[in-house]
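*Asks:* One structure, as structure tokens, below. Some questions next.
The values are calculated or read from the model by the stated rules, or taken from the named source; none is laboratory data. From a predicted model like this one, the values you see are computed outputs, not experimental measurements. All Cβ positions, even for glycine, are placed from backbone atoms using ideal geometry, and neighbour counts span all protein chains on display.
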Amino acid sequence: MYATTLLESFSQLDDPRSRRGIRHPFAGMVVLMLLGMLARIREMEVLVRWAGLHWDQLQEPLGFDREEPPCATTISRTLAQCSVSEFQAALATWLQQCLAETPSTGVVAVDGKTAKQGLDENGRPLHMLNAFVHDLQVVVGQWSTGAEKTNEPTLLRRHLQTLLDTYPMLQLITGDAIFAQRPLVELIRAKNRDYLLQIKANQGDTLDALEHCFAQAANRVPAAETTEKKGPSRKPVVYGWI
């Protein structure tokens, strides 16, 4: 059991509403919205219908005292006043406790994904760099390559310090070949963290450089094995500092 629940974490947020006429708890609506996002609900009307179907399970745990969930307009107007930075800080605090109390946590995978459901100011799909903790099945960091006008490795270098300061229990960073760049791996080692990066056989130049660098390294039996996916044979090669 975590020392602080998600509702308790969001209860620390400043309620932007006037005290007059308040009918629903601010933290409850924030958590309700977050649960809707986890269920891939993006429209307030749909969120209200979903909440109504499960209100007997949601009402008391989320701190509501009315027999029906708030209407879509109430939720929308209320959340529009919510501070994004305060929301992120409260969520990070809760995730820190989850990570600290989860056995074997310490591995974070970094990977870029294009979010076709979200568009940037130019109408193009958002390309995001995500930091994903497998043990919790949650993204603990997300940054836009378009907004910062750079590539994934540089983006990770910019935000690595903040990521490790927020989640100091993270010890191993995994990624694909795009992150196999000297400035980034040197920074990871400077932060006293380890890295594990996968290089495929079709990435010839990078593979040749690695084979040359590690030609004199002693062979060691790996701590774990991987099973290749079905399809054309592409033998993966991994390197890192562990």
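*Asks:* Among strands (runs of 3 or more DSSP E) lying entirely in segment 151-242, which contain 2 or more residues that are modelled with pLDDT of 80 or more and of a type outside the set (A, V, I, L, M, F, W, C)?
*Replies:* The qualifying strands (runs of 3 or more DSSP E) are 172-175, 194-200.
*Asks:* Identify all residues within segment 127-153 that are without any contact (Cβ under 8 Å) to a residue 24 or more places away in the chain and among the hydroxyl-bearing types (Ser, Thr, Tyr); write none if there are none.
*Replies:* 150
*Asks:* Among the residues of segment 9-60, how many are within 21 Å of the chain's Cα centre (by Cα) and among the acidic types (Asp, Glu)?
*Replies:* Residues that pass the stated criteria total 0.
*Asks:* Another question about this same structure. Return the residue satisfying two criteria in turn: it lies in segment 167-193 and is buried (at least 19 other Cβ atoms within 10 Å of the Cβ) and in contact (Cβ under 8 Å) with a residue 60 or more places away in the chain, and of such residues it is farthest from residue 140 (Cα to Cα).
*Replies:* The selected residue is 179.
*Asks:* I would also like to ask the following. When only residues in segment 1-51 that are farther than 21 Å from residue 65 by Cβ and in contact with a Phe, Trp or Tyr (Cβ under 8 Å, 6 or more places away or on another chain) count, which is surrounded by the most Cβ atoms within 10 Å (Cβ to Cβ)?
*Replies:* Once the filter is applied, the top-ranked residue is 41.
*Asks:* Every residue in segment 128-157 that is over 16 Å from the mean Cα position of the chain (by Cα) and of a type in the set (D, E, K, R), please.
*Replies:* 148, 149, 157, listed by residue number.
*Asks:* So, one more: What's the total number of residues in segment 100-113 that are assigned to a loop (DSSP other than H, G, I, E, B) and either free of Cβ contacts under 8 Å to residues at least 40 places away in the same chain or polar (S, T, N, Q) (or both)?
*Replies:* Adding up the residues that qualify gives 4.
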